[in-house]
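Written out below as structure tokens is the structure these notes cover.
The values are calculated or read from the model by the stated rules, or taken from the named source; none is laboratory data. Computed from a predicted structure; not experimentally measured. Because the Cβ atoms are built from the backbone with ideal geometry, glycine has one as well, and the counts that use them run over all protein chains shown.
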Ligand SMILES: Nc1ncnc2c1ncn2[C@@H]1O[C@H](COP(=O)(O)OP(=O)(O)OP(=O)(O)O)[C@@H](O)[C@H]1O
Ligand SMILES: [Mg+2]
């Protein structure tokens, strides 16, 4: 492995799996050179509930990725998710007194948007400016150099519970690594699976994992809305276990092997063998019966997603439709079901625009992990930043987040 400065590591602490992905950035190309994955036991609905178990899983996943990449991982970009995450839009305004907008003005206007009271138990994770208005002229991406009297901006501010972020960081420190940055999971996934055009014209990304379903809406190349639901594919396992009287692990196996999201896609003739709870002998059920348990839960999850899209006010502003990713949409029929529920075009999102171990990471379960590497590579300054939660000055963190944005867009 060449220069360590060019190496970025994404650590996705999912509810069902922990994965570490190592990427090397050379000549404008990101090559994935290491992937480590291990079942996750210490998280519930995207939040750490058992430190020791989480640390153990992190160590195994990271060691595997290190072996494959032939490097020692010192610092990672980690994803954050869970029902505690809140995305809000703030508005900022400053006066310019008839002169050109400077970079310092941009900092000031974002700061003024950010003067919204953030409660002491919440940590700012991202401050992402959407666009600027100079003297009523809206939709300006980069106002530096424009003359005016009044500069305004809308910013998307993502906050999370301080304790949830602290526990995440504590686990990584205990596993012997530093945290370069904490990134909202769907922002990471969007880096891996969305195209520039989709983000420009309007798209929603939905990452349906084991314990959470994460949503982000983009238009005009800016993030407009984020929401995290504490529902995911693991709920299907419980439904199947109850419905068919099988163990949870058998339920998951059945779902992953034979599950179909839309029951009308399965013929009633197809049968599958199942092991009942308590080691009773095997019996046969129709595959349709299994899909009739799965369908209503998938419908529930994506109906809640639809409600969020309507709540965002962007439902009619998504010509590029929806991109679905995460392990739960691997299931046959997912695209058709989501298309039907959301009433818009839907495609399956898998990580793209990376080289190296392409075949391994071409799977929706790696969208967040690969996206974290891409986020790191597009914000290289972060690789030396060591996050401390609630340090002396909250605004320092805000400006650090802004700095990321400057690097990305200027
Ligand atoms: N072929 C498949 N068919 C149906 N479900 C699948 C399939 N493969 C994986 N899954 C399900 O996908 C889920 C895991 O997805 P993913 O790896 O994206 O979640 P995670 O990142 O661990 O969790 P989260 O993001 O919710 O914290 C599990 O519920 C798993 O059973
Ligand atoms: Mg996930």
Being closer than 26 Å to residue 21 by Cβ, crowded, with 21+ Cβ neighbours inside 10 Å and more than 16 Å from ligand 1 (Cβ to nearest atom) is the filter here, so list the residues in the range 323-353 that pass it.
346
Here's a check for you: in the range 199-217, which residue that is crowded, with 24+ Cβ neighbours inside 10 Å and more than 16 Å from ligand 1 (Cβ to nearest atom) is nearest to residue 256 (Cα to Cα)?
204
Could you check, for the range 162-169, whether at least one of its residues is in contact with a strand residue (DSSP E or B) (Cβ under 9 Å, 6 or more places away or on another chain), within 30 Å of residue 293 (Cα to Cα), in contact (Cβ under 8 Å) with a residue 24 or more places away in the chain and not in a loop (DSSP other than H, G, I, E, B)?
no
Restricting attention to the range 191-201, does a residue exist that is under 18 Å from residue 309 (Cβ atoms), in contact with a helix residue (DSSP H, G or I) (Cβ under 8 Å, 6 or more places away or on another chain) and either within 12 Å of ligand 2 (Cβ to nearest atom) or not assigned by TED's automatic domain parsing to the domain that holds residue 131 (or both)?
yes
What residue, of 268, 249, is without any contact (Cβ under 8 Å) to a residue 24 or more places away in the chain and assigned to a loop (DSSP other than H, G, I, E, B)?
268
Residue count, the range 322-345, condition more than 18 Å from the chain's Cα centre (by Cα) and away from ligand 2 (no atom under 16 Å from the Cβ), comes to 13
In the range 346-364, which residues are within 16 Å of ligand 2 (Cβ to nearest atom) and either touching a helix residue (DSSP H, G or I) at 6+ places or on another chain (Cβ under 7 Å) or in a helix (DSSP H, G or I) (or both)?
348, 349, 350, 351, 361, 364
Name the single residue, out of those in the range 82-101 being within 23 Å of the chain's Cα centre (by Cα) and farther than 21 Å from residue 155 by Cβ, that is farthest from ligand 1 (Cβ to nearest atom).
83
Conditions: (1) in a loop (DSSP other than H, G, I, E, B); (2) assigned by TED's automatic domain parsing to the domain that holds residue 374; (3) farther than 26 Å from residue 4 by Cα. Residue 117 meets all but one. Number of the miss?
(2)
Condition first: more than 10 Å from ligand 1 (Cβ to nearest atom), touching a helix residue (DSSP H, G or I) at 6+ places or on another chain (Cβ under 8 Å) and under 30 Å from residue 85 (Cα atoms). Now tell me which residues in the range 242-268 satisfy that.
248
Please work out which residue is surrounded by the most Cβ atoms within 10 Å (Cβ to Cβ), limiting yourself to the range 360-375 and to residues that are more than 25 Å from residue 254 (Cα to Cα) and more than 10 Å from ligand 1 (Cβ to nearest atom).
373
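For (1) buried (at least 18 other Cβ atoms within 10 Å of the Cβ); (2) not in a strand (DSSP E or B), each residue gets a yes or a no:
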site	(1), (2)
41	no, yes
63	no, yes
73	yes, yes
88	no, no
104	no, yes
127	yes, no
132	yes, no
138	no, no
142	no, yes
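Table: residues versus (1) more than 13 Å from ligand 2 (Cβ to nearest atom); (2) touching a strand residue (DSSP E or B) at 6+ places or on another chain (Cβ under 7 Å); (3) closer than 23 Å to residue 363 by Cβ.
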residue: 10; (1), (2), (3): no, yes, yes
residue: 15; (1), (2), (3): no, yes, yes
residue: 21; (1), (2), (3): no, yes, yes
residue: 60; (1), (2), (3): yes, yes, yes
residue: 68; (1), (2), (3): yes, yes, yes
residue: 89; (1), (2), (3): yes, yes, no
For the range 142-161, which residues satisfy the criterion of being out of contact with any strand residue (DSSP E or B) (no Cβ under 6 Å at 6 or more places or on another chain) and more than 13 Å from residue 96 (Cβ to Cβ)?
142, 161
From 30, 11, grab the single residue that is outside any loop (DSSP other than H, G, I, E, B), surrounded by 19 or more Cβ atoms within 10 Å (Cβ to Cβ) and under 17 Å from the mean Cα position of the chain (by Cα).
11
Report yes if some residue within the range 295-309 is more than 16 Å from ligand 2 (Cβ to nearest atom), in contact with a strand residue (DSSP E or B) (Cβ under 7 Å, 6 or more places away or on another chain) and modelled with pLDDT under 95; otherwise report no.
no
Suppose the filter is assigned to a strand (DSSP E or B) and within 19 Å of the chain's Cα centre (by Cα); does residue 123 pass it?
yes
